[in-house]
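The values are calculated or read from the model by the stated rules, or taken from the named source; none is laboratory data. Computed from a prediction, not measured in an experiment: that's the story for all the values here. Here the Cβ positions follow ideal geometry from the backbone for every residue, glycine too, while neighbour counts run over all protein chains shown.
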Ligand SMILES: Cc1cc2nc3c(=O)[nH]c(=O)nc-3n(C[C@H](O)[C@H](O)[C@H](O)COP(=O)(O)OP(=O)(O)OC[C@H]3O[C@@H](n4cnc5c(N)ncnc54)[C@H](O)[C@@H]3O)c2cc1C
């Protein structure tokens, strides 16, 4: 099959669990799929992945290797390791431009590009993020259970995050990183449960071999801990495509979809973190990719059913 001259049934932008599961379902439905992936999944820096049945505690790279082997078993799925830089609507589909200069034509489009994080500028953070500093209690709460944990976030949602994390550890240090994101009632609620609040800016994290041990503040104080949770800013990798294609987005910044991944624009589907932001987990992403693929197939079948009667 000559990759770049044909029109694919579907182009999938993003080869994380959402895009890969969609490719698997479409490949098994004998559909031609262009799987376009720049190879930077969100959890690539994590030491392990958790909570995906049959794959609990697997290394993210190993998960990805198995997934690609399964998907590329189906010969109608073609893979590009490349970045999509532009998507234009054509008369009967989409023209997708790659950073390498190639372009791919497809009848349907699935956006499954995930999110990227912008971490707060704190010295040393990169040594611990993905090891003992995490961003999702469901993903890494168990590994950090019953330990003294620092929760570093200036988000107004910090109160709810701390409340949830209290399920895994009762010894929590709340660091609002220079912001007054908690009201006095919330601070009192924390105090009543022995949770301390630090409002000074966090300047530095220190520890050994990926294990966070101290949080240092601008006012010279420091606390000892055995791990932490951080609230990064999340950016939708599909936001420029959503804008150029005229897709509606949610208040949180995700792409608005039906439960089966249809966006507000005909022929465009979205799945995974870039569609709904939360709950951001591998299993939800894979499930939404599978549902979007079923929806894409239903549309293709419908179009061909009508055409078959006319021929
Ligand atoms: C540190 C960390 C640890 C985590 N741990 C867990 C865990 O233990 N368990 C769990 O369930 N979840 C975990 N998650 C969340 C999980 O990684 C995400 O929910 C999941 O990866 C979302 O899948 P996705 O397919 O939507 O996006 P992603 O997995 O992020 O995949 C998106 C893909 O699209 C590609 N892409 C983006 N833009 C373009 C473009 N323009 N052109 C081509 N390709 C593009 C990216 O390179 C990437 O390969 C963790 C996240 C982080 C940050």
Please determine, by comparing only the residues of region 26-57 that are closer than 28 Å to residue 298 by Cα and in a strand (DSSP E or B), which one is farthest from the ligand (Cβ to nearest atom). 33
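Could we say that residue 51 is over 13 Å from the mean Cα position of the chain (by Cα) and closer than 20 Å to residue 135 by Cβ here?
yes
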Total residues in region 132-172, condition in contact with a helix residue (DSSP H, G or I) (Cβ under 7 Å, 6 or more places away or on another chain), in contact (Cβ under 8 Å) with a residue 60 or more places away in the chain and part of a helix (DSSP H, G or I): 2
Looking at residue 224, is it in the same structural domain as residue 97 (by TED's automatic domain parsing), touching a strand residue (DSSP E or B) at 6+ places or on another chain (Cβ under 9 Å) and modelled with pLDDT of 95 or more? no
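Residue-wise test of (1) near the ligand (Cβ under 8 Å from one of its atoms); (2) in contact (Cβ under 8 Å) with a residue 40 or more places away in the chain.
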| site | (1), (2) |
| --- | --- |
| 264 | no, no |
| 268 | no, yes |
| 271 | yes, yes |
| 280 | yes, yes |
| 284 | yes, no |
| 287 | no, yes |
| 290 | no, yes |
| 301 | no, no |
| 304 | no, no |
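Every residue, every condition in (1) in the same structural domain as residue 211 (by TED's automatic domain parsing); (2) surrounded by 17 or more Cβ atoms within 10 Å (Cβ to Cβ); (3) under 16 Å from the mean Cα position of the chain (by Cα), yes or no:
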position: 237; (1), (2), (3): no, yes, yes
position: 250; (1), (2), (3): no, no, yes
position: 267; (1), (2), (3): no, yes, no
position: 272; (1), (2), (3): no, yes, yes
position: 288; (1), (2), (3): no, yes, yes
position: 291; (1), (2), (3): no, yes, no
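Quick check on residue 198: is it away from the ligand (no atom under 16 Å from the Cβ) and out of contact with any helix residue (DSSP H, G or I) (no Cβ under 8 Å at 6 or more places or on another chain)? Full working, then the answer.
On the way: away from the ligand (no atom under 16 Å from the Cβ): yes; out of contact with any helix residue (DSSP H, G or I) (no Cβ under 8 Å at 6 or more places or on another chain): yes.
For residue 198, the condition - away from the ligand (no atom under 16 Å from the Cβ) and out of contact with any helix residue (DSSP H, G or I) (no Cβ under 8 Å at 6 or more places or on another chain) - is met.
Go through the residues of region 108-118 one by one and say whether even a single one is farther than 25 Å from residue 21 by Cα, surrounded by fewer than 18 Cβ atoms within 10 Å (Cβ to Cβ) and away from the ligand (no atom under 11 Å from the Cβ). Let's see the steps before the verdict.
Initial filter on region 108-118 (farther than 25 Å from residue 21 by Cα): 118.
Next, only the ones that are surrounded by fewer than 18 Cβ atoms within 10 Å (Cβ to Cβ) stay: 118.
Checking the rest, the ones that are also away from the ligand (no atom under 11 Å from the Cβ) come to 118.
Yes - at least one qualifying residue is present in region 108-118.
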Here's a check for you: in region 16-37, which residue that is free of Cβ contacts under 8 Å to residues at least 60 places away in the same chain and farther than 16 Å from residue 108 by Cβ is nearest to the chain's Cα centre (by Cα)? 37
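Test residue 37 against the stated conditions and say whether it is in contact with a strand residue (DSSP E or B) (Cβ under 7 Å, 6 or more places away or on another chain), within 30 Å of residue 132 (Cβ to Cβ) and modelled with pLDDT of 95 or more. Steps first, please.
Numbers: in contact with a strand residue (DSSP E or B) (Cβ under 7 Å, 6 or more places away or on another chain): yes; within 30 Å of residue 132 (Cβ to Cβ): yes; modelled with pLDDT of 95 or more: yes.
It is true that residue 37 is in contact with a strand residue (DSSP E or B) (Cβ under 7 Å, 6 or more places away or on another chain), within 30 Å of residue 132 (Cβ to Cβ) and modelled with pLDDT of 95 or more.
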Which condition breaks for residue 78 when tested against (1) in a strand (DSSP E or B); (2) within 23 Å of residue 239 (Cα to Cα)? (2)
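Considering region 115-146 alone, what residues qualify as being out of contact with any strand residue (DSSP E or B) (no Cβ under 9 Å at 6 or more places or on another chain) and under 16 Å from residue 50 (Cβ atoms)?
Just the residues of region 115-146 that are out of contact with any strand residue (DSSP E or B) (no Cβ under 9 Å at 6 or more places or on another chain), to begin with: 121, 126, 130, 138, 142, 145-146.
Within region 115-146, 130, 138, 142, 145 qualify.
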Log entry, pairs with first residue in region 75-93 being over 22 Å from residue 114 (Cα atoms), second being in a strand (DSSP E or B), beta carbons closer than 6 Å, six or more apart or on different chains, reads 93/106; 93/107
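Conditions (1) within 30 Å of residue 247 (Cβ to Cβ); (2) at pLDDT 95 or above, marked per residue:
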position	(1), (2)
88	yes, yes
94	yes, yes
101	yes, yes
104	yes, yes
161	yes, no
171	no, yes
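If only one of 76, 49 is over 14 Å from residue 24 (Cβ atoms) and assigned by TED's automatic domain parsing to the domain that holds residue 267, which one is it?
Details: 76 fails: over 14 Å from residue 24 (Cβ atoms).
The conditions single out 49.
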